[in-house]
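Q: Handing you a structure now.
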Amino acid sequence: MTPRVAVVTGAGRGIGAAVVHRLAGEGWRVVAVDVAADSPGPGYPLARREQLAEVAAKWPGQVLDFVADVRDQQALDEAVAIAEREFGGLDAAVAAAAVMAGGRPLWETTDSEWESLFGAGVDGVFHLARAAVPALLRRPQPRTGRFVALASAAAHTGLWRLAGYNAAKHAVVGLIRGLATDLRGTGVTATAVSPGSTRTPMLQATAELYDLDDVEEFAQHQLTERLLEPEEVAAAVCWLCGPDASAVTGTVVHADGGFTA
C-alpha cells in the first residue's frame with residue numbers, strides 16, 4: 001500500500017509536533033513545517049530550529065523538516081512541492097501554526113499583536129490551502145484528500161482580554177466552511193478541530209498573560225477537569241486526515257474536553 005503524504009505547519013512543538021508523530025507512527029510521510037524563529041508580536045519564544053529537527057530525526061526517511069514562515073505564500077508552495085517531489089504527492093494538509101497575543105482589552109491591542117494573530121493563524125491557513133488544495137486535487141479519483149485547520153474553543157466563545165485571538169479563530173472556522181463548500185463533489189474535505197486548554201507552550205504563554213501562577217488553573221473550565229495533552233488533540237486531527245473521515249466536511253470537531261459544552 002502506498003503511504004499517504006501530509007504537510008503539517010506549526011510542527012516544531014505542541015499539537016503540530018504531536019500530529020507529525022502520530023501520522024508518522026501510522027506510516028505516513030510528512031513534511032514538517034515551522035518558522036523556527038521568534039516574531040515581534042507574541043511576547044514569548046516560539047519553537048526553535050533544533051526542536052523541528054528533533055521531530056524529523058525521530059522518523060528518518062518518513063519526515064522531512066522544512067523551515068518556513070506560513071505568512072509567506074512562496075514558502076508554503078515550496079513545502080507542498082517537496083511533498084510531491086520527495087514523496088510522490090499529497091493526501092492531507094494540516095494547518096496547526098498559530099500564536100498567542102493579548103492580555104489587554106481589544107481597544108488596547110497593538111498592531112503588531114493583531115498582525116501576528118492573523119498572519120500566523122489566518123493568513124497561514126489561507127496560504128496553506130492555496131498551496132495544498134491544488135495538489136490534493138491532482139490525486140486521481142476517487143480522491144480522499146483532507147485539509148484540516150486548528151481552530152480553538154476561542155472560535156466559539158468570547159475569552160477575556162483575548163478578543164484578537166477570538167477573532168482570528170472565528171476566521172479559521174469561516175474559512176474552513178467556505179473552503180469545504182468550494183470543494184463540494186471533489187472527494188477532498190475541509191474541517192477544523194477546536195481544542196480546549198491543551199498542555200503546550202502557547203497555553204503557558206496564555207497563563208502569563210493572565211498572571212496565573214499555575215497553568216493548571218485552566219483545567220477548571222473543562223468538563224474533564226484536567227488539561228488536555230497534545231496527543232489527544234492530534235488523535236482527532238489525524239483521524240480527520242484519513243479515508244474513514246469521508247463524511248466529515250465543512251464543520252468543526254470539538255476536541256475541547258467539554259470547554260464549550
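Q: Filter region 203-241 down to the residues that are part of a loop (DSSP other than H, G, I, E, B) and under 16 Å from the mean Cα position of the chain (by Cα) and list them by number.
A: Initially, region 203-241 is screened for residues part of a loop (DSSP other than H, G, I, E, B), giving 210-214, 222-227, 229.
Scanning region 203-241 gives a single hit, Glu229.
Q: Another question, if that's okay. Consider region 127-163. How many of its residues are of a type in the set (Ser, Thr, Tyr) and within 14 Å of the chain's Cα centre (by Cα)?
A: Of the residues in region 127-163, the ones of a type in the set (Ser, Thr, Tyr) are 144, 152, 157.
Narrowing further to those that are within 14 Å of the chain's Cα centre (by Cα): 152.
Residues meeting the conditions: 1.
Q: So, in region 126-154, how many residues would count as being closer than 21 Å to Ser197 by Cβ and among the β-branched types (Val, Ile, Thr)? Step through it out loud before you land on a result.
A: Here is the first cut: in region 126-154, the ones closer than 21 Å to Ser197 by Cβ are 148-154.
Those still in the list that are among the β-branched types (Val, Ile, Thr) too: 148.
Here the count works out to 1.
Q: A follow-up question, please. Return the pair list, or none, for Cβ contacts closer than 7 Å from residues in region 1-16 that are under 20 Å from Phe147 (Cβ atoms) and open to solvent by 10 Å² or more (accessible area, probe 1.4 Å) to residues that are part of a strand (DSSP E or B) and of a type in the set (S, T, N, Q), at least 6 apart or on different chains.
A: Close Cβ pairs satisfying both conditions: Ile15/Thr198.
Q: With a cut-off of at least 1 residues that are of a type outside the set (Phe, Trp, Tyr) and within 22 Å of Ser194 (Cα to Cα), name the strands (runs of 3 or more DSSP E) lying wholly within region 1-82.
A: Working: elements: 5-9, 29-34, 63-67.
Hits in region 1-82: 5-9, 29-34.
Q: Determine whether Asp72 is out of contact with any Phe, Trp or Tyr (no Cβ under 7 Å at 6 or more places or on another chain), under 30 Å from Asp211 (Cβ atoms) and surrounded by fewer than 17 Cβ atoms within 10 Å (Cβ to Cβ). Write out each step before concluding.
A: Working: out of contact with any Phe, Trp or Tyr (no Cβ under 7 Å at 6 or more places or on another chain): yes; under 30 Å from Asp211 (Cβ atoms): no; surrounded by fewer than 17 Cβ atoms within 10 Å (Cβ to Cβ): yes.
Against the criterion (out of contact with any Phe, Trp or Tyr (no Cβ under 7 Å at 6 or more places or on another chain), under 30 Å from Asp211 (Cβ atoms) and surrounded by fewer than 17 Cβ atoms within 10 Å (Cβ to Cβ)), Asp72 does not qualify.
Q: Is there a residue in region 233-246 that is out of contact with any helix residue (DSSP H, G or I) (no Cβ under 9 Å at 6 or more places or on another chain), of a type in the set (S, T, N, Q) and over 18 Å from Val133 (Cα atoms)?
A: So in region 233-246, the residues out of contact with any helix residue (DSSP H, G or I) (no Cβ under 9 Å at 6 or more places or on another chain) come out as 236, 240, 242-244, 246.
If we keep only those that are of a type in the set (S, T, N, Q) as well, we get 246.
Now narrow it down to the ones that are over 18 Å from Val133 (Cα atoms): none.
No: zero hits.
Q: Looking at Ala32, Ala53, which is the one that is among the aliphatic types (A, V, I, L, M), crowded, with 24+ Cβ neighbours inside 10 Å, over 15 Å from Leu240 (Cα atoms) and at pLDDT 95 or above? Working first, answer last.
A: Working: Ala53 fails: crowded, with 24+ Cβ neighbours inside 10 Å.
Matching residue, one of Ala32, Ala53: Ala32.
Q: Please tell me if Glu231 is touching a residue at least 40 places away in the same chain (Cβ under 8 Å), farther than 17 Å from Gly258 by Cα and acidic (Asp, Glu). Steps first, answer last, please.
A: Numbers: touching a residue at least 40 places away in the same chain (Cβ under 8 Å): yes; farther than 17 Å from Gly258 by Cα: no; acidic (Asp, Glu): yes.
Against the criterion (touching a residue at least 40 places away in the same chain (Cβ under 8 Å), farther than 17 Å from Gly258 by Cα and acidic (Asp, Glu)), Glu231 does not qualify.
Q: Could you tell me whether Ala24 is in contact (Cβ under 8 Å) with a residue 60 or more places away in the chain, under 12 Å from Ala234 (Cβ atoms) and crowded, with 18+ Cβ neighbours inside 10 Å? Working first, answer last.
A: On the way: in contact (Cβ under 8 Å) with a residue 60 or more places away in the chain: no; under 12 Å from Ala234 (Cβ atoms): yes; crowded, with 18+ Cβ neighbours inside 10 Å: yes.
Taking the combined requirement at face value, the residue does not satisfy it.
Q: Sticking with this one: Checking the structure you have, find out if any residue of region 168-181 is open to solvent by 20 Å² or more (accessible area, probe 1.4 Å), assigned to a helix (DSSP H, G or I), among the polar types (S, T, N, Q) and within 20 Å of Met100 (Cα to Cα). Spell out the reasoning first.
A: The initial filter retains those residues of region 168-181 that are open to solvent by 20 Å² or more (accessible area, probe 1.4 Å), namely 170-171, 174-175, 177-179, 181.
Checking which are assigned to a helix (DSSP H, G or I) leaves us with 170-171, 174-175, 177-179, 181.
Of the ones still in play, those that are also among the polar types (S, T, N, Q) are 181.
Within this subset, residues satisfying the condition of being within 20 Å of Met100 (Cα to Cα) are none.
No, because not a single residue in region 168-181 is open to solvent by 20 Å² or more (accessible area, probe 1.4 Å), assigned to a helix (DSSP H, G or I), among the polar types (S, T, N, Q) and within 20 Å of Met100 (Cα to Cα).
Q: Is it true that Thr206 is open to solvent by 20 Å² or more (accessible area, probe 1.4 Å) and either among the hydroxyl-bearing types (Ser, Thr, Tyr) or modelled with pLDDT under 95 (or both)? Walk me through it before giving the result.
A: Details: open to solvent by 20 Å² or more (accessible area, probe 1.4 Å): no; either among the hydroxyl-bearing types (Ser, Thr, Tyr) or modelled with pLDDT under 95 (or both): yes.
Against the criterion (open to solvent by 20 Å² or more (accessible area, probe 1.4 Å) and either among the hydroxyl-bearing types (Ser, Thr, Tyr) or modelled with pLDDT under 95 (or both)), Thr206 does not qualify.
The values are calculated or read from the model by the stated rules, or taken from the named source; none is laboratory data. Please read all numbers here as calculations on a predicted model, not as lab measurements. Glycine gets a Cβ as well: all are built from the backbone with ideal geometry, and neighbour counts include every protein chain shown. In case anyone asks, the SASA skips ligands and DNA or RNA and just uses the protein heavy atoms, side chains included. Shrake-Rupley method; radii C 1.70, N 1.55, O 1.52, S 1.80 Å.
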